[in-house]
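The values are calculated or read from the model by the stated rules, or taken from the named source; none is laboratory data. Bear in mind the structure is a predicted one, so any value in this text is a computation, not a measurement. Here the Cβ positions follow ideal geometry from the backbone for every residue, glycine too, while neighbour counts run over all protein chains shown. Protein only, heavy atoms only, side chains kept; ligands, DNA and RNA dropped before computing areas. Shrake-Rupley method; radii C 1.70, N 1.55, O 1.52, S 1.80 Å.
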Amino acid sequence: SPAGFLSDKYPKNRIMRLSAWFAIACTALITLFYYAGMFWAAFIMTFLLGLQSAIYSPAKYGYIKELVGKEKIAAANGVVQAVTTIAILAGIFVYSFMFEGRLAGIAYSSKSEILRIIAPVGWTLVGVSVLELLLAYRLPQKLEKDVALKFNLHAYWSGKYLLENVRAVLKNEVIFLSILGLSIFWAISQVVIAAFPAYAKDMLAVTNTVVIQGMLACAGFGIMIGSLYAGKISRTHIETGLIPLGSMGITIALLLMPGLHSVSLQILNFLFWGAMGGMLIIPLNALI
């Protein structure tokens, strides 16, 4: 609720800039806590970095419509989703590689020691946050805002805003089903990400973190491909026909996953799963 309020009341690019400044502060403190070996302090700052994302994301997605208009919203969503997915994949893969490289062959006995060993990697977090800030300042100013909007703290803490938002969603069947579809897709994705490393170790005899993350990364590349394709064929409208097609494709990929005992086949299946996911989430995001 606070994130939505801020993005409605103030220009969204300004919210993104302030969020980017906050990200720099968080990543700088995370890095310093790594050097100090302060696990819980770094953990709390990482939590606050997630809070920053919760404020940043509504501004980002709301800004898309202001930037490109209704007609090109699906195509723009496709590009944004593809770039976001690439960033997530790069983060997972590159940082896994960095952690493996720094920790390989080194004895450690506590969380604090691990943090001190990987501490130099933290400066890359700061660097990427600085890049986020520089790009946020290049966004053109959009003046859509509601200066008269007020935020009622009592209504927020009592749950009134939450109930109002839920009622508003339930009244609009298209938005409700779109949110439900996205939630299910990302929930399934998180379960696969959590469970697949153990499956890869037991069934595929793969124990290298980089190889496992590389297989999972193929799903992200698939999402990127599916997102760009969905954006391309939704250039001037929202192509809802992709939603059932993507759903069926995801179901087929999930049914195949436990029966594939080859790394190569798993890679192809993850690519297919991701592509179907991209075709599903782009029209759903655009509809919302």
Aspartates and glutamates whose Cα lies under 14 Å from that of K150, excluding same-chain neighbours fewer than 8 positions away: D8
Pairs of lysine residues in region 1-145 - Cα separation under 29 Å, sequence separation of 8 or more or cross-chain: 22
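I need the calculated FRET efficiency for the pair Y137 and I184, taking r as the beta carbon distance and R₀ as 51 Å, to the nearest 0.05. Mind dumping the intermediate values first?
On the way: r = 37 Å, r/R0 = 0.72.
Taking R0 as 51 Å, the efficiency between Y137 and I184 is 0.90.
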Semi-axis lengths (Å, descending) of the ellipsoid that matches the C-alpha gyration tensor of region 16-113: 34, 18, 8
Within straight-line cross-link reach of K201, lysines at Cα separation under 23 Å, skipping those fewer than 8 residues along the same chain: none
Estimated [θ] at 222 nm from DSSP helical runs (n ≥ 4, -39500 (n - 2.57)) normalised by residues in the chain, nearest 500: -27500 deg cm²/dmol
Summed residue charge, Cβ within 12 Å of A136's Cβ, Lys/Arg positive, Asp/Glu negative: +4
Accessible area expressed per residue, region 1-154, with surrounding protein chains retained (probe 1.4 Å, Å²): 57 Å²
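What translational diffusion coefficient, in µm²/s and rounded to a whole number, does the Stokes-Einstein relation yield for region 229-288 at 37 °C and a viscosity of 0.692 mPa s, taking the hydrodynamic radius as the Kirkwood radius over Cα pairs? Show your work: numbers first, answer last.
Working: Rh = 12.1 Å.
This corresponds to a translational diffusion coefficient of 272 µm²/s.
Let me know the charge dipole size of the chain about its Cα centre in debye, to the nearest 20, where only the beta-carbon of Lys, Arg (+1) and Asp, Glu (-1) is charged.
Working: 21 positive and 12 negative charges, 141 e Å.
Charge dipole, the chain, about its Cα centre: 680 debye, nearest 20.
What is the Cα radius of gyration of region 138-206 over 2.2 N^0.38 Å, N being its residue count?
In units of the globular-protein estimate, region 138-206 measures up at 1.87.
Send over the Kirkwood Rh of the chain, from the inverse of the averaged 1/r over different Cα pairs, rounded to one decimal Å. Can you show the working numbers first?
Numbers: mean 1/r = 0.0475 Å⁻¹.
Evaluated over the chain, this radius sits at 21.1 Å.
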Convex hull projection area averaged over all views, region 1-67, Cα basis, nm²: 4.4 nm²
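Given a 1.4 angstrom probe, I'd like the percentage of the accessible area of the chain that is carbon and sulfur, rounded to a whole number. Show your work: numbers first, answer last.
Working: 11420 of 16050 Å².
C and S atoms contribute 71 percent here.
Hey, can you list the DSSP H helices of the chain whose Cα span along the axis is 18 Å or longer and whose average Kyte-Doolittle score is at least 0.5? Walk me through the numbers on the way to the answer.
Numbers: long enough: 12-36 (36 Å, 0.87); 39-68 (43 Å, 0.87); 73-103 (44 Å, 1.41); 122-136 (21 Å, 1.78); 173-203 (43 Å, 1.45); 209-233 (36 Å, 1.45); 242-256 (21 Å, 2.15); 263-287 (36 Å, 1.54).
Those that clear 18 Å and a mean of 0.5 are 12-36, 39-68, 73-103, 122-136, 173-203, 209-233, 242-256, 263-287.
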Overall dimensions of region 171-288 as given by Cα atoms, namely Rg and Dmax in Å: 15.1, 50
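Trypsin sites (Lys or Arg not before Pro), restricted to region 45-141: which are DSSP loop and have at most 11 other Cβ atoms within 10 Å? Kindly include the intermediate steps, with their values, before the conclusion.
Numbers: sites: K60, K65, K70, K72, R102, K111, R116, R138; in loops: K70, K72, R138.
Here the trypsin sites (Lys or Arg not before Pro) that fit, given the DSSP loop and packing criteria, are K70, R138.
Please report the projected area of region 120-246's Cα convex hull averaged over all directions, in nm². Write down the numbers at each step before the final one.
On the way: hull surface 55.7 nm².
Value for region 120-246: 13.9 nm².
Taking the mean number of other Cβ atoms within 10 Å as a proxy for protection, how do you rank 202-210, 265-273 from highest to lowest?
265-273, 202-210
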Aspartates and glutamates whose Cα lies under 14 Å from that of K232, excluding same-chain neighbours fewer than 8 positions away: E71
